[in-house]
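So the structure is just underneath, and the comments pick up after that.
The values are calculated or read from the model by the stated rules, or taken from the named source; none is laboratory data. Computed from a predicted model, the values in this text were never measured in an experiment. Don't worry about glycine lacking a Cβ; one is built from the backbone with ideal geometry, like all the others, and counts go over all protein chains shown. Side chains are part of the model used for accessible areas, which takes the heavy atoms of the whole protein and leaves out ligands, DNA and RNA. Shrake-Rupley method; radii C 1.70, N 1.55, O 1.52, S 1.80 Å.
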Amino acid sequence: MNTPPSPPGAEPADGSSVQIGALVPLTRPGWVEAGRHLLAGLELGVSDVNDAGGIAGRPLELVVRDTAADPQRAAAAVDELAHLGVAALAGEYHSVVARAAAARADALGLPFLCSSAVLDALTEQPTEWVARLAPAQSRGWRIYADFLLGAGHSRIAVAAEPSVYWASGARVLRDHLAPRGGTVIELDMRALTPAALCDELVCGRATALLLLVGHPQPAVSIVTSVRRDQRLAGITIGAPAGQPEFAEWATSLGDDSAAIPFLRYLPERLSPLGARVETALRERLAEAPSFVAFEGYDTVAVLADALRSHGVDRARIAESWARVAVEGTRGRIRFSRTPGISVWQWAWPPIHVVDRDPEKPERFRILHTG
């Protein structure tokens, strides 16, 4: 590994704490609810590490920066955090933002454990500096495509906005479905109102509509329009990116929030550790924790293990990805090199296709297991 020289402050001068930089979307246009859950998981992880004696007797500390879903802001935050002397970076939810952060971390020689972003090409070239806990988009979205085929859907419309992430997802679906008899109808939401989208769905004879758009808008308006259109009474609405995971979705849509399948990265049953963490997260958040909160907790568990073994030396932390074996909230975490993935990847987190139960929208139903 090429190791850039450590910038001033890379070794804490006063020895008071070991710092991890945390990148989190906390303001709009970032997905604030996802950021809040991610931060809760990170903070709980740090609290548990410190309750257990910290890092060789030194407290672990988060240095949090709000990315607001802005790639340039995230890259600037990485520069700042590297100069401040953090031992590693953690977090981020939005794939396009995480990609910008990963590029800067790679350039600066700063270990980055990405918590939630799934874009396969998180960096342009393979890197030793970046690892990821979330499953790669290609794996999760292929599982989602298999679910659609198994449910009898062969004409699938995607309502899409322009984004590297949405375009990548649409490509995964198209490439996986086409050889199996599925057709993907791409509808550009820059050119369509929700009402016009409904007309296109009828004309295209689609049996499923996937939301590859932002939340709350236009996702909420699209769901409302489709649910109100009697011509589309039999259509399945899906959201592979996971919008229905969060309570805000149910609050915004009420009964319309249910029966919209999405990808969720939680096991069917939590381990004793996972159950304990779930209880603590529920208390912090005052609501049920999402899978994103568990990703935050597991991020700190992995980094704390590396810091205990290797101290704050950035190169040694990055070199340790291949040797990680940490019991997380959702299973034993190990990283490996995966074809087509440019970073060290946990292969693989649990993946389910789930939805909110129409009888009780706060309850989730497992529809398909990856």
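Remarks
- Check on A105, part of a helix (DSSP H, G or I), open to solvent by less than 50 Å² (accessible area, probe 1.4 Å) and closer than 30 Å to A167 by Cβ: yes
Residue by residue, here is whether (1) hydrophobic (A, V, I, L, M, F, W, C); (2) closer than 21 Å to V326 by Cβ; (3) surrounded by 22 or more Cβ atoms within 10 Å (Cβ to Cβ); (4) out of contact with any helix residue (DSSP H, G or I) (no Cβ under 9 Å at 6 or more places or on another chain) holds:
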position: D48; (1), (2), (3), (4): no, yes, no, no
position: V78; (1), (2), (3), (4): yes, no, yes, no
position: D120; (1), (2), (3), (4): no, no, no, no
position: Q125; (1), (2), (3), (4): no, no, no, no
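- Within the stretch 280-304, residues that are touching a residue at least 60 places away in the same chain (Cβ under 8 Å) reach partners that are assigned to a helix (DSSP H, G or I) and among the charged types (D, E, K, R) with beta carbons closer than 7 Å, at six or more positions or on different chains, in the pairs A288/R282; P289/E278; P289/R282; S290/E245.
- Restricting V202, V226 to those that are open to solvent by 40 Å² or more (accessible area, probe 1.4 Å), in contact with a helix residue (DSSP H, G or I) (Cβ under 8 Å, 6 or more places away or on another chain), of a type outside the set (S, T, Y) and on the phi < 0 side of the Ramachandran plot reduces the list to V202.
- Qualifying residue in the stretch 334-343 (condition: in contact with a helix residue (DSSP H, G or I) (Cβ under 8 Å, 6 or more places away or on another chain), in a loop (DSSP other than H, G, I, E, B), on the phi > 0 side of the Ramachandran plot and open to solvent by 20 Å² or more (accessible area, probe 1.4 Å)): yes
- Within the stretch 261-292, the residues that satisfy the criterion of being buried (at least 21 other Cβ atoms within 10 Å of the Cβ) and part of a loop (DSSP other than H, G, I, E, B) are P261, Y265, L266, P289, S290.
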